[in-house]
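The values are calculated or read from the model by the stated rules, or taken from the named source; none is laboratory data. Quantities reported herein were computed from a predicted structural model and do not represent experimental measurements. Cβ sites come from the backbone with ideal geometry, for glycine too, and all protein chains shown count toward neighbours.
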Amino acid sequence: MKGVHSKYYTDNLRENILRGIRQKIRRGELSAKAPLGYFNEPRLRTIEPNKKTFRKVKECLEAFATGQYTLTAIQRKMFSLGLVGKTGAPVHLSSIQKILTNPFYYGDFRYRGEVHQGSHKPMISKKLFDKIQEALVVNGKPRKKRGEKGLLYKGFAICGECGYAITAERKIKKSGLVYHYYHCTFKSRTQKCSQTRFLREEELTRQVQDMVQKVSLPDEWRDAYLKKLESENVNVRHSSDLFVQNLKNDISAVSARLSRLTDAYLNEALELGEYLERKNALTAEKRTLEEKLSDFERKGNHWLELMRNWILEANQAGNLIKQENLSGMKDFLVSIGSNRRVTAGMLLAEFKMPWRDLTETGARARTFGAGEVNLSSNSELWTLADSNR
């Protein structure tokens with residue numbers, strides 16, 4: 001009899017604890033140890049920003065999102081800021097990877113594989129979190145050894161076939177002339193890379209110049225685009241209202257899909273694994289749309305200024321070519337694109353918007369005299385320009 005009462009007490013206690021956890025989750029509160037940059041507030045039993053570490057962790061997250069840091073580099077940065085492990089040693093790389101992939105930092109939290117909307121103060125935006133995930137794909141590996149000085153494009157691109165880095169070699173001829181060659185590192189253990197062609201630095205520079213040329217605007221085109229931009233002010237209010245309404249409609253549609261998904265799970269039409277996977281994806285999509293709406297409502301018609309800045313920057317790209325500023329052209333391509341790769345001796349890249357629009361539409365979009373350029377139809381494009389750089 002005593003054992004029965006003991007089991008009843010244990011089961012009842014367990015149910016009360018789980019009920020309390022579910023209630024906290026519905027309030028957007030995580031019942032777990034606070035991640036780095038936050039602390040568990042004992043009186044309110046909430047998770048609050050840690051005044052000593054919050055800004056430091058935010059600085060590291062923003063740094064990694066630039067794509068200029070590897071895990072080991074960000075580990076050193078964290079250590080220099082005083083962000084260390086329990087023993088005072090640098091934070092372990094696996095812990096840093098967990099930090100970089102933790103949705104808690106943009107306002108959500110993961111509990112038992114399911115992502116929930118949190119009520120705590122976010123450290124970063126969902127937009128920045130997505131940039132961190134992109135940077136992890138490229139830089140989430142141990143740092144490679146530094147190459148020789150003077151090899152301008154080392155680390156600039158990857159092999160388009162096997163995905164490993166393009167490295168460089170310096171060759172000195174008997175005449176004393178020095179040549180730099182770029183080629184695949186051939187480090188893949190799972191496939192034999194056929195990209196055996198060596199690319200001269202002069203040829204790679206020519207291709208870099210051609211690529212910069214595609215996203216540059218001559219002075220006369222700059223003036224024409226700026227003039228056209230001024231005329232767009234007349235219709236901008238209508239375009240903005242339409243864009244906001246479309247975003248609100250998209251958010252409502254995602255909310256409805258989440259509701260239907262929950263109903264399907266409760267009616268046992270979905271397995272738990274499939275439900276969690278689809279719910280987490282919809283929750284992330286909703287968060288992105290809500291941030292986009294919030295940004296647009298806060299900035300208003302800020303897209304006009306962003307468009308103006310983009311026109312001027314595209315015009316300045318042409319000056320880099322005129323000045324033969326090789327390092328400037330290289331850095332410019334890094335800032336406006338990604339997935340730079342060399343295949344069969346050809347440099348390829350994927351440009352962010354609105355630069356991609358400029359290259360894809362070719363002469364029709366870039367030659368102002370060929371026809372009217374409807375900038376108002378691209379108001380969403382230019383509004384997002386600053387987030388894609």
Original post:
Among L199, L226, L242, which is the only one that is touching a residue at least 40 places away in the same chain (Cβ under 8 Å) and assigned by TED's automatic domain parsing to the domain that holds S294?
Top reply: L226
Original post:
Among the residues of the stretch 33-75, which ones are over 21 Å from the mean Cα position of the chain (by Cα), over 17 Å from P122 (Cβ atoms) and surrounded by 13 or more Cβ atoms within 10 Å (Cβ to Cβ)?
Top reply: N40
Original post:
Within the group T283, T262, T288, which residue is hydroxyl-bearing (S, T, Y) and more than 24 Å from I124 (Cα to Cα)?
Top reply: T262
**OP:** Scan the stretch 37-58 and give yes if some residue there is within 20 Å of G118 (Cβ to Cβ) and touching a Ser or Thr at 6+ places or on another chain (Cβ under 7 Å), otherwise no.
**Re:** yes
**OP:** Would you check if A284 is of a type in the set (A, V, I, L, M), surrounded by fewer than 19 Cβ atoms within 10 Å (Cβ to Cβ) and at pLDDT 85 or above?
**Re:** yes
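Please state which one of L326, L320 is surrounded by fewer than 19 Cβ atoms within 10 Å (Cβ to Cβ), among the hydrophobic types (A, V, I, L, M, F, W, C) and modelled with pLDDT of 85 or more. Even if it seems obvious, please write down each step before you answer.
Values: L320 fails: surrounded by fewer than 19 Cβ atoms within 10 Å (Cβ to Cβ).
One residue alone meets the criteria, L326.
Working only within the stretch 178-237, note down all residues that are outside any loop (DSSP other than H, G, I, E, B) and aromatic (F, W, Y).
Initially, the stretch 178-237 is screened for residues outside any loop (DSSP other than H, G, I, E, B), giving 178-184, 199-214, 219-234, 236-237.
Listed by number, the residues that qualify are Y179, Y181, Y182, W221, Y225.
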Original post:
For the stretch 80-128, how many residues meet the condition of being assigned to a helix (DSSP H, G or I) and either buried (at least 19 other Cβ atoms within 10 Å of the Cβ) or in contact (Cβ under 8 Å) with a residue 60 or more places away in the chain (or both)?
Top reply: 10
**OP:** Could you look through the stretch 329-355, keep only residues that are among the charged types (D, E, K, R) and assigned to a strand (DSSP E or B), and pick out the one that is surrounded by the most Cβ atoms within 10 Å (Cβ to Cβ)?
**Re:** R340
Subject >> Residue check, E29 touching a Lys or Arg at 6+ places or on another chain (Cβ under 9 Å) and either assigned by TED's automatic domain parsing to the domain that holds L333 or at pLDDT 90 or above (or both) >> reply: no
Original post:
Given the structure, is T10 outside any helix (DSSP H, G or I), at pLDDT below 90 and of a type in the set (V, I, T)?
Top reply: no
